[in-house]
Amino acid sequence: MINSEKWAFSVNDPSVIKILGSACEINELIQKILKSLQSININKTTLFDIRLCLEEAFVNALKHGNKNNAGLPVNIEYSISEEEFKISIKDSGAGFNYRKIPDPTVNKNLLKTKGRGVYLIRYLMDEVSYNKTGNKITMVKYLGGNHADKPGKK
Amino acid sequence: MQINQAKNKDILIYYIKGDVDINTSPDMRKNFDTVANRQEKKIIINLSGVSYIDSSGLATLVEMLKKVRKYGGKLKLSSLADKVKSLFEITKLEKLFEIYDNEEVAVSEFDKQ
């Protein structure tokens, strides 16, 4: 069970969290982030996109990065402002080269079952970057302010 | 997640309700095995009860389609929520699946074939 004070944060206050990578703890964190985003009245489509990208990124961190070892930590930094939601997720793994993931949208890959998670993150988020090792992803979703809706797609 | 099945003439209607994600898609996969084992030839997966799906959910639907095709069956999707449908479009899975706005149209397409 997580100490709920550990997760307390407020909008505009960047938060840095290091958690052991159990699915249960991560689900709780995702719910807290989504609740905070709802409190600043972002639209349902944006909330859907963020939820999906968070879940995809965390699954990748736990399953591929930490090899399903719940004892390994996942480091998270995030901030929420009226302008943007930004999050970095770093697993304890050796990293990967996202450029080497086959494009799941080409005809020969449509029947494959892997590769869509990373593709969806890059499509739905406004900015996506990885550290050099490839075990840390940083995602940004614009929430409003001066940012126009991005047609996105990197 | 809830799964229900019904028959419309010789067409199996497979209703899914709830989120289809990393937590629930294994159950869907296991449940669908009973359908594939019966070698149902005509299947419509009605997704009107699904408001959220992730890449594992999409992957499971692809696996289901492959299983059905393997024994010569046909599978169609119906009643996708806008956001769910958009994920099929983003990932180009709308090229792989026959997707219909509602169950009635999907049924009538089976009748034509």
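The values are calculated or read from the model by the stated rules, or taken from the named source; none is laboratory data. If you're wondering where the values come from, they're calculated on a predicted model, not measured in any experiment. Note that we place each Cβ from the backbone using ideal geometry, even for glycine, and neighbour counts take in every protein chain shown. Accessible surface is based on the protein model in full, side chains and every heavy atom, while ligands, DNA and RNA are left aside. Shrake-Rupley method; radii C 1.70, N 1.55, O 1.52, S 1.80 Å.
Largest first, the extents of the alpha carbon coordinates of region B:18-67 on the three principal axes equal 28, 19, 15 Å. Sorted largest first by accessible area at a 1.4 angstrom probe radius, with every protein chain in place, the residues A:D49, B:D111, B:D19, B:D82 fall in the order B:D82, B:D111, B:D19, A:D49. With kT/(6 pi eta Rh) evaluated at 37 °C and eta = 0.692 mPa s, and Rh the Kirkwood radius from Cα pairs, the protein assembly as shown diffuses with a coefficient of 166 µm²/s according to Stokes-Einstein.
This model, with +1 at the C-beta of Lys and Arg and -1 at the C-beta of Asp and Glu, gives chain B a dipole about its Cα centre of some 540 debye.
With a cut-off of 11 Å between beta carbons, the residues surrounding A:G65 carry a summed charge of +3, where Lys and Arg count +1 and Asp and Glu -1.
When the C-alpha to C-alpha distance is required to be over 27 Å, the pairs from A:K86/B:K95; A:K63/B:K92; A:K63/A:K132; A:K100/B:K41; A:K63/B:K41; A:K67/B:K85 that qualify are A:K86/B:K95; A:K100/B:K41; A:K63/B:K41; A:K67/B:K85. By the gyration tensor of its Cα atoms, with a ≥ b ≥ c the square roots of the eigenvalues, what is the shape of region B:1-45: rounded for a/c under 1.5, prolate for a/b over b/c, or oblate? Oblate, because a/c is 1.5 or more while a/b does not exceed b/c. Hydrodynamic analysis of region A:8-106 uses the Kirkwood radius over alpha carbon pairs. Inserted into Stokes-Einstein at 10 °C and 1.306 mPa s, it gives a translational diffusion coefficient of 110 µm²/s. Taking every DSSP beta bridge that has both ends in chain B, the antiparallel portion is near 35%. Projecting label points 7 angstrom from Cα along Cα→Cβ for B:S51 and B:K7 puts them 3.4 nm apart.
The value given for region A:84-129 is a Kirkwood hydrodynamic radius of 12.4 Å, derived from the mean inverse Cα-Cα separation. Look at the dipole of region A:15-116 built from charges on Cβ: of A:L34, A:Y78, A:N107, the Cα furthest out on the positive end belongs to A:N107. Between A:E28 and B:K112, the simple spin-label model (points 7 angstrom out along Cα→Cβ) gives 5.3 nm. Size of region B:34-113: Rg and Dmax of its alpha carbons, in Å, are 12.2, 33.
Taking every DSSP beta bridge with both residues inside the protein assembly as shown, roughly what % is antiparallel (nearest 5)?
70
Placing +1 on each Lys and Arg Cβ and -1 on each Asp and Glu Cβ, with no other charges, gives region B:53-113 a dipole about its Cα centre of roughly 420 debye.
Could you work out the local net charge near A:V118, counting Lys and Arg as +1, Asp and Glu as -1, over the other residues with Cβ closer than 11 Å to its Cβ? In short, +3. Size descriptors for region A:50-154 (Cα atoms only): Rg and Dmax, in that order, 14.3, 42 Å.
Compared with the direct C-alpha span, the chain from A:L110 to A:S39 gains 21.8 nm at full extension, assuming 0.36 nm per residue.
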